[in-house]
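Below is one structure, written out as structure tokens; the observations come after it.
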Amino acid sequence: MAFAGLVASRAAASDRRPPDVGRKFAADGSVLPFEGNTIICHVPQQGNGSQAFDALLDVYRALPGEPWARKMTALPPSSYHMTIFGGANDKARRYPYWPAGMPLDTPIAECDRILGERLRTFRLGEDAAPYRMRVNMDEPPANETPLTVRLLPADQGMETRLRRLRDRLAEVTGIREPDHDRYRFHITLGYQFAALTPDEERAWRQSLAGWKAMIARRSPIIELGNPEYCILKDMFAFKREFYLS
């Protein structure tokens, strides 16, 4: 009976393990290799339109004082972005997460190159930037982990354009994940690597609500430029290869 209780306890602990532990981050919070490609819009850091980045920087500055921050790895502010389309990565070598028709044992660098060639000839047309987003002020769902700022298109027209663009990118890349139509736009600020206590859970949700209100006040509309085809080695940096045009 004692052994069965131990197994059940370990299983429960495993169930509480944040989803990206062992994939993007280790159990101690250190970053793991996560090679691949993606299509994103970096949050503007300079000039007009940088108000959102400045507000996000204030969140980054506040993080060390949070009681739950020791269980989360903060991302470098230089990495802040909104993903348009996830692309392929070395740890998801299965269809439909991997490009259709591309052998599953294709080296990731070759996958990067092939998708890059396809996207260089892709034309945004009427789906080009600017992309106007706003902070989603809704309470995060029960399975949410710190720290993500969910975004919504500014209006129905923007929603239509972004969904159409994602459909077109799925066609050209050969990747269409099961949740493609339910994808939620967001800016990730950090990844949780250890289970939160109930008090820590309440604290991060309370802080997030205040931060989202602050970001929305300082940047009611977050305006993003044309998507960038980026290569990544891990979640700390997204290196632009070129802008889609």
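If you check Glu139, Glu159, Glu177, which single one turns out to be open to solvent by 20 Å² or more (accessible area, probe 1.4 Å), part of a loop (DSSP other than H, G, I, E, B) and farther than 18 Å from Ala203 by Cα? Let's see the steps before the verdict.
Values: Glu139 fails: farther than 18 Å from Ala203 by Cα; Glu159 fails: part of a loop (DSSP other than H, G, I, E, B).
When all the criteria are applied, what remains is Glu177.
Filter region 187-245 down to the residues that are more than 26 Å from Phe25 (Cβ to Cβ), in a helix (DSSP H, G or I) and open to solvent by 60 Å² or more (accessible area, probe 1.4 Å) and list them by number.
Answer for region 187-245, where residues must be more than 26 Å from Phe25 (Cβ to Cβ), in a helix (DSSP H, G or I) and open to solvent by 60 Å² or more (accessible area, probe 1.4 Å): Arg217, Arg218.
Being in a loop (DSSP other than H, G, I, E, B) and under 30 Å from Ala55 (Cβ atoms) is the filter here, so list the residues in region 74-98 that pass it. Break it down stepwise before answering.
As a first pass, look at region 74-98 and keep what is in a loop (DSSP other than H, G, I, E, B): 75-76, 80, 86-88, 90-98.
Hits for region 74-98 are Leu75, Pro76, Tyr80, Gly86, Gly87.
Among the residues of region 198-211, is any in contact with a Gly (Cβ under 8 Å, 6 or more places away or on another chain) and either among the acidic types (Asp, Glu) or modelled with pLDDT of 95 or more (or both)?
Quick first cut of region 198-211, residues in contact with a Gly (Cβ under 8 Å, 6 or more places away or on another chain) only: none.
For region 198-211, residues in contact with a Gly (Cβ under 8 Å, 6 or more places away or on another chain) and either among the acidic types (Asp, Glu) or modelled with pLDDT of 95 or more (or both): absent.
Just one of the numbered conditions (1) in contact with a strand residue (DSSP E or B) (Cβ under 8 Å, 6 or more places away or on another chain); (2) over 25 Å from Arg17 (Cβ atoms) is not true of Leu189; which one?
Leu189 satisfies every listed condition except (2).
Looking at (1) in contact with a helix residue (DSSP H, G or I) (Cβ under 6 Å, 6 or more places away or on another chain); (2) more than 21 Å from Ile215 (Cα to Cα), which is the one condition that is false for Asp105?
The number of the failed condition is (1).
Out of region 50-69, which residues are over 23 Å from Leu151 (Cβ atoms) and free of Cβ contacts under 8 Å to residues at least 12 places away in the same chain? Don't jump to the end; show me each part of the working.
Taking region 50-69 first, the residues over 23 Å from Leu151 (Cβ atoms) are 64-65, 67.
Once the filter is applied, which keeps residues that are over 23 Å from Leu151 (Cβ atoms) and free of Cβ contacts under 8 Å to residues at least 12 places away in the same chain, region 50-69 yields Pro64, Gly65.
Among the residues of region 70-99 satisfying the criterion of being open to solvent by 20 Å² or more (accessible area, probe 1.4 Å) and among the small types (Gly, Ala, Ser), which is farthest from Glu223 (Cα to Cα)?
Across region 70-99, the extreme among qualifying residues is Ala74.
Identify the residue in region 47-69 that is within 17 Å of the chain's Cα centre (by Cα) and of a type in the set (Phe, Trp, Tyr) and, among all such residues, is surrounded by the most Cβ atoms within 10 Å (Cβ to Cβ).
The qualifying residue surrounded by the most Cβ atoms within 10 Å (Cβ to Cβ) is Phe53.
The rows are residues; the columns are (1) of a type outside the set (Lys, Arg); (2) under 23 Å from Ala88 (Cα atoms).
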| residue | (1), (2) |
| --- | --- |
| Asn143 | yes, no |
| Pro146 | yes, no |
| Asp155 | yes, no |
| Asp167 | yes, yes |
| Arg176 | no, yes |
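How about region 58-75: which of its residues are of a type in the set (Lys, Arg) and over 15 Å from Leu208 (Cβ atoms)?
Step one: list which residues in region 58-75 are of a type in the set (Lys, Arg), which gives 61, 70-71.
Result: Arg61, Arg70.
The values are calculated or read from the model by the stated rules, or taken from the named source; none is laboratory data. Source: prediction; values computed, not measured. As a convention, Cβ positions derive from the backbone with ideal geometry for all residues, glycine included, and neighbour counts pool all protein chains shown. The area values use the complete protein model at the heavy-atom level, side chains included, leaving out ligands, DNA and RNA. Shrake-Rupley method; radii C 1.70, N 1.55, O 1.52, S 1.80 Å.
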